[in-house]
Amino acid sequence: MELTRNELAMLDGQKGLAIQKAMELLVKYGEALGAERLVDTSNVAGVPGQSSPFLHNYYKDYPGGKDVIFSHFDLDSDVVVDVPNTLVSSCHLQGGVDQAHPELFGVSAETAELYQNSENYAADHGIKILKTCTPYLAGNVPVRGEHCAWMESSAVIYCNAVLGAYTNTEGRESTSAAMITGKIPDWGLHKTENRYGSHRIDVEVSVKNVMDWGMLGYFSGKIVQEKIPVLNGNYSMPDLLCHKHFGAAAASSGGVEMYHVVGATPEAETLEMAFGPKKPVEIIKYGETERRQTYEDLNARARDPQVDYIMLGCPHYSLEQIRDVCRLLEGKKISVNCNLWIFTSRFVKQISDQKGYSEIIRQAGGVILTDSCSAIGQAIPEGTKVVALDSAKQTHYLPAIMGIEAWFGSMEDCIDAALTGRWNGKAP
Ligand code: F3S
């Protein structure tokens, strides 16, 4: 890998041991990927130094104080280093627990304190504690062409496809190293030639709302796996929420990190622009049959119409989605047999509190939670057997993680289930 003079100085240890270890990691990682150089980044999203009961126990007898986990686990260093403040703008993504509601996550006060301590550690090192999978809804909105180093598949795909910024799906180690060096290997989606479409998906059925886009994303990911779908055809212009649900779904049924919607996303003003010099390797139809099959696939693990848990907010809900829930819930009570948990970022929850939305949801019997979700936190209400979801991503993961049945539908279907205790959703 060819390094600049400044990068060589970092690698030689002239900027301190922590920076040296971070550069060693990035160079090793970049060379394994065939990267020829590093690229500057000033926007990093990861989970620096995040502890967990497992990591806490594993490292509890290691000497070195607060920097032990970041040194050994994040930087893969054999010695403990003095971790400096982040060099570039960096934020903390979601974690495993809402520290304001440890009881709902089944964690003890002691474990909640552990999470709080690791959050304090990150904050003390200059990291913005957004604690969300939707940093772009909480003030971190990269600009077109900006090189980023982000973790979290649903955020990565949004960053690339919708914002036109450049990132691969990074890991904890590379993001932590990037935070203190401002560098990331220049490969994959950092390079324009790798951002063109591979498959054309001809949309022949009306696609107009969040549920439609979520299903189309799930279908697209299943077909293209880790390649780049280009959507062309019969859809209403997707808004931010449609993109949020499309991308999260495509990144879970496949490993999609980038897509184009012709006429809507910044690198696809036209079909020709979306494919650049490439030709589609396959042209796939998304019509009535494919849509119905996708709906059936998503609902394949549900039998019992008796619903006991409704989880909304995957990816974390926007303020508008919380407002829409309030419109459906105001003045009503959810079924005594149901729990309603809505996940969002701290940032959005604060505005929701100010606007009285959180109180409307509380009075109806639901709760707004932050920082995590049922899949990441492996947390569901006690005794849950059947969940209702409006997220194809969460429907993909939660039944397998928690051993429960899951219904997939719209937000309206889910709120109806919360009020009646029964699933009445229908295929669109
Ligand atoms: Fe976010 Fe959890 Fe979904 S972290 S994208 S709400 S799986």
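Tabulated data
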| item | result |
| --- | --- |
| Where Val143, Val387, Val336 fall by accessible area, highest first, once all protein chains stay in place (1.4 Å) | Val336, Val143, Val387 |
| Sites Asn424 and Arg323, calculated FRET efficiency, Cβ-Cβ separation with R0 25 Å, nearest 0.05 | 0.60 |
| Greater than 31 Å apart at Cα, pairs in Lys21/Lys128; Lys66/Lys244; Lys131/Lys285 | Lys66/Lys244; Lys131/Lys285 |
| Kirkwood Rh and Cα Rg combined as Rg over Rh, evaluated for the range 196-297 | 0.92 |
| Viscosity 0.692 mPa s, 37 °C: Kirkwood-radius Stokes-Einstein D of the chain over Cα pairs, µm²/s | 147 |
| Contour excess over end-to-end distance, with Cα ends at Ala32 and Ile129 and 0.36 nm allotted per residue | 31.8 nm |
| Whole-number percent relative contact order across the chain, with pairs defined as alpha carbons under 8 Å at least 6 apart | 16 |
| Spacing of the two label points (7 Å from each Cα toward its C-beta) at Asp61 and Glu2, in nm | 5.0 |
| Estimated inter-spin distance, Asp12 and Glu412, nm [label 7 Å along Cα→Cβ] | 6.7 |
| Accessible surface of the range 243-343 [probe 1.4 Å, protein heavy atoms]: carbon and sulfur percent | 49 |
| Hz values of 3J(HN,Hα) by residue in the range 227-237 - Karplus curve (6.51, -1.76, 1.60), Gly and Pro given as x | 8, 10, x, 10, 9, 9, x, 9, 9, 7, 3 |
| Where labels lie 7 Å past Cα in the beta-carbon direction, separation of Leu271 and Ile283 in nm | 0.6 |
| Heavy-atom accessible area order for Ile283, Ile19, Ile223, largest first, 1.4 Å probe | Ile283, Ile223, Ile19 |
| Integer Hz, Karplus 6.51/-1.76/1.60 couplings in order for the range 71-83, x for Gly and Pro | 5, 6, 8, 6, 9, 6, 8, 7, 10, 7, 10, 7, 6 |
| Whole-percent carbon and sulfur share, accessible surface of the range 5-192, 1.4 Å | 52 |
| Most mobile listed residue (Leu241, Leu55, Leu340) in the chain, GNM with C-alpha springs under 10 Å | Leu55 |
| Solvent-accessible area per residue, Å², over the range 213-298 with all protein chains present [probe radius 1.4 Å] | 40 |
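The values are calculated or read from the model by the stated rules, or taken from the named source; none is laboratory data. Since the structure is predicted, the reported quantities are computational estimates derived from the model, not experimental observations. Here the Cβ is made from the backbone with ideal geometry for all residues, glycine too, and neighbour counts use every protein chain on show. Please note that ligands, DNA and RNA were not included when accessible areas were found on the heavy atoms of the full protein model with its side chains. Shrake-Rupley method; radii C 1.70, N 1.55, O 1.52, S 1.80 Å.
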